[in-house]
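Data first, discussion second: the structure below is written as structure tokens.
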Amino acid sequence: METGHFIGIVIALSVLIGVGVYSVNKVKNAADFDTGGGKGSIFMVSGLLLGSLIGGQCTIGTAQLSYTYGLSAVWFTVGAGLGALVLCLIYVAPLRRRRDVTLLEVIRKEYGETAEYMGSILCSIGILVSIISNVVASSALMMALTGLQLWSAAILSVLLMCCYVVFGGAWGAEMGGIVKVALLLLTSAVCVILCFVKSGGPVATGGTLELHLSDLFSRGVGRDLSNCMSAILGVLSTQTYAQAVWSAKNYHVAKKAALISCLICIPVGFTGMVVGLFMRGTDLSNPAEAFPVFLLENLPPVLGGIGLGALLITVVTGGGGLALGVSTIFIRDIAGRLAPSLHHGKAHIISMRLCILGVLSFAGLVAVMIPGALINDLGFLSMGLRGTVVFIPLTLALFCKGRFRRGPVLASMVCGPAVMLFSNLVWSPVDPLLGSVALCLFICMFGYKTGEVEKL
């Protein structure tokens, strides 16, 4: 690294730190911390959505997977973008009508407290896996930039994530997301142009960039399409994205913000894929370093430093935003039921901050133990787990209120993720995710009530 790289990184990080400090002053009560007080503009809500949507998986993870497997790396980004589109077109309206704080509250009001507790625990495990993937990505980036050992890189990553969200909550997540998107769009445009110019274009036009459509399913049609579906269901079943919808000042703002997130997420992920393909001509000991090494070797120092800072902000905001979501679930849906005082005032804010710190520390510890993991595979597993736990019960609660009995719904929330995990461990003739979601719906149908539908 040259002096210019450090200058660029400092510029990017200074903006993020400034936003984090400013957001502290915006937090006056528990509602401000959880959902920004429901006053979010299009830019603020888009920032919160993209802060988690575009994380280490969409950038460093996609480049890593592209370096290893080719075009099939694009499916995480496509799925995440489609998830934001479905959120915009179908789920924003019913979620806004409910005026809850967590997705598990929606499920509890329809199917009881047992469903909420069970869903909270299982869903939190799924989100935690995604946080770990962001810490793995961040640690790889730190090691590429500084030469730090894995432990030191993981600790530094966790500290930065804490600074991002532990003080400002939703306000910090929203404002940090805006900074990240602006820097990433600039970096993405420069990277794609450089890749095509330096390689002479795709192989089909006489260049060296290997864009073969046949590689879209290089890991198998079933697996790649399942990964795409995991990302879609994960977006619809994750607390952070619902939190963004509830943070908007009105329905129209929430809907437009979700659409903007879809339109931005896919191009940024495409950049990661192109960079990974370009870097296949470079011998890397750790494919997770493909994106940062590209920025170091191919961009002017200051611009490359800003790009590296943008990547760092990306993994920091992605992990931090998800930590906010899982902590909200834990405090609101689990600990808050045992100690109602945690729902309000300073006790809520303090408990949320401590929970975020604990979640990120645990994720850092696990990330150190699995340094060679494929970042996007962790992301697919995480989103698949969330989808099998929450998607069917949430959808039925929003669109078929009063139509299904509690018992079968609760059974589906347990059987779905259990079958998915078991199917991933042994050979299965049916895709684990699709089979698990179908099983959840099948079990729920045993609780279908005949008669007049209760109006929403």
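Structure notes:
- Test: residue in region 235-258 that is part of a loop (DSSP other than H, G, I, E, B) and either open to solvent by 30 Å² or more (accessible area, probe 1.4 Å) or of a type in the set (Asp, Glu) (or both): yes
- Sole residue being assigned to a helix (DSSP H, G or I), closer than 21 Å to residue 5 by Cα and within 19 Å of the chain's Cα centre (by Cα), chosen from 356, 329, 306, 313: 313
- Of all the listed residues (405, 332), the sole one being in contact with a His (Cβ under 9 Å, 6 or more places away or on another chain), among the basic types (Lys, Arg) and open to solvent by 10 Å² or more (accessible area, probe 1.4 Å) is 332.
- Restricting region 1-17 to residues that are more than 18 Å from residue 182 (Cα to Cα) and touching a Leu at 6+ places or on another chain (Cβ under 7 Å), the residue that is modelled with the highest pLDDT: 5
- Residues of region 55-99 that turn out to be open to solvent by less than 10 Å² (accessible area, probe 1.4 Å) and not in a helix (DSSP H, G or I), as a count: 3
- Region 437-456 residues that are farther than 30 Å from residue 230 by Cβ and at pLDDT below 90, paired with ones that are in a strand (DSSP E or B) and of a type outside the set (S, T, N, Q) (beta carbon under 8 Å, 6 or more apart): 449/404
- Any hit, region 105-119, residues being open to solvent by 20 Å² or more (accessible area, probe 1.4 Å), on the phi > 0 side of the Ramachandran plot and not in a helix (DSSP H, G or I): no
- Scan of region 111-139 for residues that are in contact with a Pro (Cβ under 8 Å, 6 or more places away or on another chain) and more than 23 Å from residue 352 (Cα to Cα), ordered by number: 111, 136, 139
- Matching residues in region 147-160 - criterion: being open to solvent by 60 Å² or more (accessible area, probe 1.4 Å) and either touching a residue at least 12 places away in the same chain (Cβ under 8 Å) or touching a Phe, Trp or Tyr at 6+ places or on another chain (Cβ under 6 Å) (or both): 151, 155, 156
- Residue match in region 364-381 (condition: closer than 23 Å to residue 90 by Cβ, free of Cβ contacts under 8 Å to residues at least 60 places away in the same chain and hydrophobic (A, V, I, L, M, F, W, C)): no
- Verdict on residue 289 being closer than 22 Å to residue 68 by Cβ, part of a helix (DSSP H, G or I), out of contact with any helix residue (DSSP H, G or I) (no Cβ under 7 Å at 6 or more places or on another chain) and open to solvent by 30 Å² or more (accessible area, probe 1.4 Å): no
- Some residue of region 319-334 being charged (D, E, K, R), touching a Ser or Thr at 6+ places or on another chain (Cβ under 7 Å) and farther than 25 Å from residue 276 by Cα: yes
- Check on residue 284, in a helix (DSSP H, G or I) and either open to solvent by 10 Å² or more (accessible area, probe 1.4 Å) or not charged (D, E, K, R) (or both): no
The values are calculated or read from the model by the stated rules, or taken from the named source; none is laboratory data. Keep in mind it's a predicted model, so treat the numbers as computed, not measured. Using ideal geometry, Cβ is built from the backbone for each residue, glycine included, and neighbour counts are taken over all protein chains shown. Accessible surface areas use protein heavy atoms only, side chains included; no ligands, DNA or RNA. Shrake-Rupley method; radii C 1.70, N 1.55, O 1.52, S 1.80 Å.
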